[in-house]
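Novice: My questions will all concern the structure given below.
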Amino acid sequence: MTPPLPGTGNLFTLDPEVAHLNHGSYGAVPVPVQRVQARLRAEQERDPDGFFLDLPDRIARARAEVASALGGDPGKLALLTNVTEGVAVALDTVPLGPGDEVLVTDHGYGVVTRAAERRAAETGATVRCVRISPHAPDEEAVRDRLLDAVTPRTRVAVLDLITSPTARAIATPELLADLAARGVVTVVDAAHAPGMLPVDLGGAAGGADFWVGNLHKWAFAPRAAAVLAVTAAWRPKVRPLMLSWEHDRGFPARVEWRGTCDYTPWLAAPAGFALLEKLGTDRVRRHNEALVGHGRRQLVERAGLRPLAECAGTSMRALRLPPGVAESEHAAKALMVAVRRRLGARIAVRPWIGGGVLRISAQVYNRPEEYVRLADGLTHLITR
Ligand SMILES: Cc1ncc(COP(=O)(O)O)c(C=O)c1O
């Protein structure tokens, strides 16, 4: 069994009484990064006027460091608060009209899909939600299903790089290229990519027109920090959610500046990447993948859950709960609460007809026995 990664013992301030098996939802900020942010906040409080005076330039420098960690160019991406915001910016930027279709999947993050529905309702477009079996065997099957759903009216596709409920890969480079060849604008929800997967934002925006990734999940940045990468053709057209004093500086400054607010998560984000590099990015990834694989095996062998296809190189795995368990939003939340109260663990559960989906994550602070305890305890919770 994989031991916890040496050298990471006191890196987090997580409650030691709880097994945090859900890094994928909100991340966890390591102590050195918390300290960098605390210093920035103290500096801000000593002299707010001075701090804000050159803040746009400081943000630009932080962005350059983040861009270099993601293989990109600081002029091609903007910092923002989270994926929810980035997807909204992308959807606001792409013109839509009556008859246009927006393609999404039933594995999409709920509020991202709802943003597409709202934008469609406002413009006379419609949303086509492609249903993909959680047990679809591989990326090829998913790709075929999506390409079958493309029509001459498909204007934009909002797709996950790695899905939230099912931890599956959807927006593969091949699928993005196929969609581009059909004239479909692609918006990739890459919420889980920075830090967890090798990212190369050089050239195009990760093979998409718009690519949004969170830094506060797997890149050890403070909440709320994310990036929006945009291809050259769309960059001058990007419509920020609000008009700000930086508007006339164009992309990316016009997207980043939102008046007075706390920008310290962005300024501290490079410290997250620096820590990851110090720990050894590949070492962390290998550790997490091996550990989450161990967790998945426990849930299959001890709790009898049915595993979904795994996405190589990732630190999350999803498994199907038995029929009748966690099929509604309410029941999924109740199970998460019960797992915390009775098993002392945090996991993610999303409702799904035919049996909800349970997702585990692995991070450097996790231990193999935490997954064993979860699997043994879960057996009692779901069969009661
Ligand atoms: C795939 C996916 N998209 C979007 C989000 C939303 O992220 P945020 O709340 O940081 O905007 C999440 C959060 O878990 C996610 O997993």
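Taken together, the values in this text are just the output of simple stated rules run on the coordinates, not laboratory data. Predicted model, so just to flag it, every value in this text is computed and none were measured. Note that each Cβ is placed from the backbone with ideal geometry, even for glycine, and that neighbours are counted across all protein chains shown.
Novice: What's log10 of I(q)/I(0) for the range 129-198 at q = 0.15 Å⁻¹, Debye sum over Cα points only, no solvent?
Specialist: Once normalised to I(0) and log-transformed, intensities are -0.47.
Novice: Do any chymotrypsin sites (Phe, Trp or Tyr not before Pro) in the range 245-307 lie in a loop, going by DSSP, with at most 12 other beta-carbon atoms within 10 Å of their beta carbon, and if so which?
Specialist: Details: sites: TRP245, TRP257, TYR263, TRP266, PHE273; in loops: TRP245, TRP257, TYR263.
For chymotrypsin sites (Phe, Trp or Tyr not before Pro) across the range 245-307 that sit outside H, G, I, E and B with at most 12 neighbouring Cβ atoms in 10 Å, the list reads TRP245.
Novice: Computed on alpha carbon atoms, what radius of gyration and Dmax characterise the range 29-98, expressed in Å?
Specialist: Reported Rg and Dmax, both Å: 16.0, 53.
Novice: Between ALA348 and residues 5 or more places away or on another chain, which pairs have amide H atoms under 5 Å apart, with H built 1.01 Å from N, and which residues are they?
Specialist: For ALA348, the qualifying residues are ARG359.
Novice: State the volume of the convex hull built on the alpha-carbon positions of the range 314-371, expressed per residue in Å³ and rounded to an integer. Numbers along the way, then the final one.
Specialist: Details: hull volume 4.8 nm³, N = 58.
Taking the convex hull of the Cα positions in the range 314-371, it is 82 Å³ per residue.
Novice: Normalised by the residues of the range 33-275, what does the relative contact order come to in percent, with Cα pairs under 8 Å and at least six apart? Write down the numbers at each step before the final one.
Specialist: On the way: 454 pairs, mean separation 64.6, N = 243.
After rounding, I find 27 percent.
Novice: For the range 215-351, what log10 I(q)/I(0) values come out of the Debye formula at q = 0.12, 0.13, 0.18, 0.22 1/Å, with one point per alpha carbon and no solvent?
Specialist: Those come out to -0.77, -0.86, -1.08, -1.24, one per q.
Novice: Also, quick follow-up: Can you spot the lysines whose alpha carbon is less than 19 Å from LYS278's alpha carbon? Ignore those fewer than 8 places along the same chain.
Specialist: In chain and number order, the partners are LYS217.
Novice: Run the reach check for LYS237 against lysines, Cα to Cα strictly under 20 Å, same-chain hits fewer than 8 apart removed. What comes back?
Specialist: LYS76
Novice: For q values of 0.13, 0.23 Å⁻¹, compute log₁₀ I(q)/I(0) with the Debye formula on a Cα-only model of the range 280-383, without solvent.
Specialist: The Debye formula, applied to the Cα set alone, gives -0.42, -1.24.
Novice: Label points 7 Å out from Cα along the Cβ direction at ASP15 and GLU122: separation in nm?
Specialist: Modelled inter-label distance: 3.8 nm.
Novice: Moving on to the next point. Can you give the direction-averaged projected area of the convex hull of the alpha-carbon atoms in the chain, in nm²?
Specialist: On the way: hull surface 74.0 nm².
Across all orientations, the chain yields a mean hull projection of 18.5 nm².
Novice: Among VAL142, VAL184, which comes first, then next, by fewest other beta-carbon atoms within 10 Å?
Specialist: Details: VAL142 25, VAL184 21.
Listed from fewest to most nearby Cβ atoms, that is VAL184, VAL142.
Novice: Could you state the orientation-averaged shadow area of the convex hull built on the Cα atoms of the range 1-118, in nm² to one decimal?
Specialist: Numbers: hull surface 50.5 nm².
Result: 12.6 nm².
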